[in-house]
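Asks: Please find one structure pasted underneath; my questions will follow.
The values are calculated or read from the model by the stated rules, or taken from the named source; none is laboratory data. Quantities reported herein were computed from a predicted structural model and do not represent experimental measurements. Cβ placement follows ideal geometry from the backbone for every residue including glycine, while neighbour counts extend to all protein chains displayed.
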Amino acid sequence: MSLFKQIDKEKVVKNHLTEKKAIKVIKSVDYRELEMKLHTHLVEELKKLLNSNVEEEKRKIKDLGEAFISQEGGRLTFEEKKQLIEDVQHDLLGYGPITPLLEDPTISEVMVNGPLDVYYEQNGKLIKSNLLFRDDEHVSRIIEKIVSPIGRRVDESSPMVDARLPDGSRVNAIIPPLSLKGPSLTIRKFSDTPFTIHDLVQFGTLSEEMGKFIEMSVKARLNIFISGGTGSGKTSSLNVLSSFIPSDERIVTIEDAAELRLTQEHIVSLESRPPNIEGKGEISIRDLVRNALRMRPDRIVVGEVRGAEALDMLQAMNTGHDGSLSTGHANSPRDMIARLETMVLMAGFDLPVRAIREQIANAIDLIVQQVRMKDGSRKITHITEVLGMEGETIVLQDIFIYKEKGFSLEGKIEGKFMSTGIRPKVSDQLEVNGFILPSSWFNGEW
């Protein structure tokens with residue numbers, strides 16, 4: 001085929017696709033117009049309801065919607081009429097087109113890349129959805145609905161925002177001019193009932209022995225850091241570790257957006273605050289860590305250390321606040337140590353590297369490394385002990401590891417959780433606290 005014929009063929013295909021798209025738009029004009037009318041009608045009617053609950057509002061929307069459509073929607077099919085009521089209900093009581101994704105417990109993340117591109121993560125895999133928003137304004141309205149109840153804002157002067165849904169799901173939104181494809185929304189969902197250590201064992205995230213060892217470590221007030229990449233499940237694991245803290249201790253949690261869902265009674269939850277429209281009033285994680293030290297905490301739990309607050313956190317761990325927990329982004333336990341050094345330097349003090357390393361070595365007892373594997377599963381690949389300093393180097397020792405063996409016929413990663421065969425140095429501290437480590441846990445290969 002000549003080049004000219006090939007170009008002509010591509011042009012025909014392109015025109016054909018454009019015509020198909022145009023036909024679809026023409027067919028949906030009636031639907032869209034009626035949707036806007038019904039939306040306005042129902043907003044006015046729902047204002048008349050006093051002290052109503054969600055179920056009453058759903059019934060009202062269904063009854064009023066069906067009555068409205070029977071008069072105005074003669075040109076719509078039965079399926080379109082049913083879909084219309086559902087779409088308006090999602091807009092008024094939920095979060096627009098993505099409401100079904102947020103209600104599906106098997107979906108862990110929802111990503112909106114502008115009005116026409118909606119993706120979700122299910123079982124560790126990214127899937128493109130056929131759900132659509134009407135336009136950029138529709139996405140912006142849903143973002144506003146999410147951020148306004150918690151006192152956050154998003155506009156041209158502050159085009160990025162971190163927020164949360166009432167169920168604790170983490171939300172990040174970014175709008176034009178920073179986002180070139182239109183308003184973008186990312187929602188990291190959390191389970192209605194927080195995971196337990198038994199859930200993580202069942203999911204294959206860690207072995208039963210590793211779970212028992214971590215439980216003992218938390219109860220014995222060891223300082224533990226959970227490290228891992230984005231989406232590796234650090235926050236879920238932090239929730240599980242925090243659940244082992246005895247209920248008679250005072251816990252102070254510090255987060256950018258409150259996600260931890262602890263079941264103990266004596267908890268103070270602190271949340272950072274971004275600057276206002278004049279650029280003032282910011283309360284950083286570092287400010288909250290400093291304040292937490294004056295609140296007589298038994299335990300300090302920081303959702304994620306990512307900056308200068310690392311110095312204050314390490315000092316807290318070194319000055320009597322044993323049993324503190326936190327997470328950080330790193331690809332290995334050794335990387336986590338290097339990142340902590342860098343974050344301490346971000347505090348603005350000209351500290352010698354050896355002094356920083358001594359602080360880290362004295363403060364942290366265990367590093368739990370979590371990884372999101374190629375098949376989408378999450379695994380705790382290392383439980384590593386921080387032994388102390390040897391010369392200028394922080395000495396680390398793996399206690400438990402995950403050893404990959406390959407892939408199954410279904411494409412799942414196969415491997416084995418195993419002990420390195422070395423009895424941890426912290427076993428003395430665990431035994432002082434009344435815990436006995438079975439010698440059978442440490443019969444593994446090295």
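Asks: Looking only at region 152-172, filter to residues that are loosely packed, with under 14 Cβ neighbours inside 10 Å and under 19 Å from G94 (Cα atoms); which one of those is nearest to the chain's Cα centre (by Cα)?
Replies: Going through the qualifying residues, I end up with D167.
Asks: Of everything in region 89-107 that's touching a residue at least 40 places away in the same chain (Cβ under 8 Å) and more than 26 Å from P176 (Cα to Cα), which residue is surrounded by the fewest Cβ atoms within 10 Å (Cβ to Cβ)?
Replies: The selected residue is P105.
Asks: If only one of R334, R339 is under 24 Å from D398 (Cα atoms) and touching a Gly at 6+ places or on another chain (Cβ under 9 Å), which one is it?
Replies: From the options R334, R339, the qualifying one is R339.
Asks: Identify, by number, the condition in (1) part of a helix (DSSP H, G or I); (2) buried (at least 16 other Cβ atoms within 10 Å of the Cβ) that E121 doesn't meet.
Replies: (1)
Asks: Collect the residues in region 348-377 that are in contact (Cβ under 8 Å) with a residue 12 or more places away in the chain and more than 26 Å from the chain's Cα centre (by Cα), keeping them in residue-number order.
Replies: Scanning region 348-377 gives G348, F349, V353, R354, I356, R357, E358, Q359, I360, A361, N362, A363.
Asks: A further question on this structure: Across region 64-88, which residue is modelled with the lowest pLDDT among those that are exposed (fewer than 12 other Cβ atoms within 10 Å of the Cβ) and of a type in the set (D, E, K, R)?
Replies: Among them, the one singled out is R75.
Asks: As an exercise: evaluate R339 against (1) touching a His at 6+ places or on another chain (Cβ under 8 Å); (2) not in a helix (DSSP H, G or I) and give the number of the one condition it does not meet.
Replies: It fails just one condition, (2).
Asks: Please list, ordered by first then second residue, the pairs with beta carbon atoms under 7 Å, 6 or more apart or interchain, first in region 384-404 and at pLDDT 95 or above and part of a loop (DSSP other than H, G, I, E, B), second hydroxyl-bearing (S, T, Y) and surrounded by 15 or more Cβ atoms within 10 Å (Cβ to Cβ).
Replies: Sorted first by the residue in region 384-404, then by its partner, the list stays empty.
Asks: Then there is this: Name every residue in region 189-229 that is farther than 28 Å from H321 by Cβ and among the β-branched types (V, I, T), in order of residue number.
Replies: Answer for region 189-229, where residues must be farther than 28 Å from H321 by Cβ and among the β-branched types (V, I, T): T193, V201.
Asks: Exactly one of (1) modelled with pLDDT of 90 or more; (2) in a helix (DSSP H, G or I); (3) in contact with a strand residue (DSSP E or B) (Cβ under 6 Å, 6 or more places away or on another chain) is unmet by A173. Its number?
Replies: Single failed check for A173: (2).
Asks: I need every pair where a residue in region 205-218 that is within 21 Å of V432 (Cβ to Cβ) has its Cβ under 6 Å from the Cβ of a residue that is of a type in the set (G, A, S), sequence separation at least 6 or different chains.
Replies: Listed by first residue and then by second, the contacts come to nothing, as the list is empty.
Asks: If you take the residues of region 124-141 that are assigned to a loop (DSSP other than H, G, I, E, B) and out of contact with any Pro (no Cβ under 7 Å at 6 or more places or on another chain), which of them is modelled with the lowest pLDDT? Walk me through how you get there before you give the answer.
Replies: Initially, region 124-141 is screened for residues assigned to a loop (DSSP other than H, G, I, E, B), giving 124, 129-135.
Keeping just the survivors that are out of contact with any Pro (no Cβ under 7 Å at 6 or more places or on another chain) gives 124, 129-130.
Values: G124: 78, S129: 92, N130: 89.
Looking at residues that are assigned to a loop (DSSP other than H, G, I, E, B) and out of contact with any Pro (no Cβ under 7 Å at 6 or more places or on another chain), I get G124.
Asks: Can you find even one residue in region 430-439 that is assigned by the TED database to the domain that holds I383, among the β-branched types (V, I, T) and closer than 16 Å to S207 by Cβ?
Replies: There is no residue in region 430-439 that is assigned by the TED database to the domain that holds I383, among the β-branched types (V, I, T) and closer than 16 Å to S207 by Cβ.
Asks: Are there strands (runs of 3 or more DSSP E) fully within region 189-289 with at least 1 residues that are surrounded by fewer than 19 Cβ atoms within 10 Å (Cβ to Cβ) and of a type in the set (S, T, N, Q)? List them.
Replies: 267-271
Asks: Among (1) modelled with pLDDT under 95; (2) not in a helix (DSSP H, G or I), which single condition is Q369 missing?
Replies: (1)
Asks: Looking at region 405-446, which of its residues are assigned to a helix (DSSP H, G or I), among the polar types (S, T, N, Q), free of Cβ contacts under 8 Å to residues at least 40 places away in the same chain and surrounded by 13 or more Cβ atoms within 10 Å (Cβ to Cβ)?
Replies: Residue satisfying the conditions is S427 alone.
Asks: While we're here: Being among the acidic types (D, E), crowded, with 23+ Cβ neighbours inside 10 Å and under 21 Å from the mean Cα position of the chain (by Cα) narrows it down to one of E309, E304, so name that one.
Replies: Details: E304 fails: crowded, with 23+ Cβ neighbours inside 10 Å.
Of E309, E304, the one residue that is among the acidic types (D, E), crowded, with 23+ Cβ neighbours inside 10 Å and under 21 Å from the mean Cα position of the chain (by Cα) is E309.
Asks: Go through the residues of region 209-216 one by one and say whether even a single one is of a type outside the set (G, A, S) and on the phi > 0 side of the Ramachandran plot.
Replies: no
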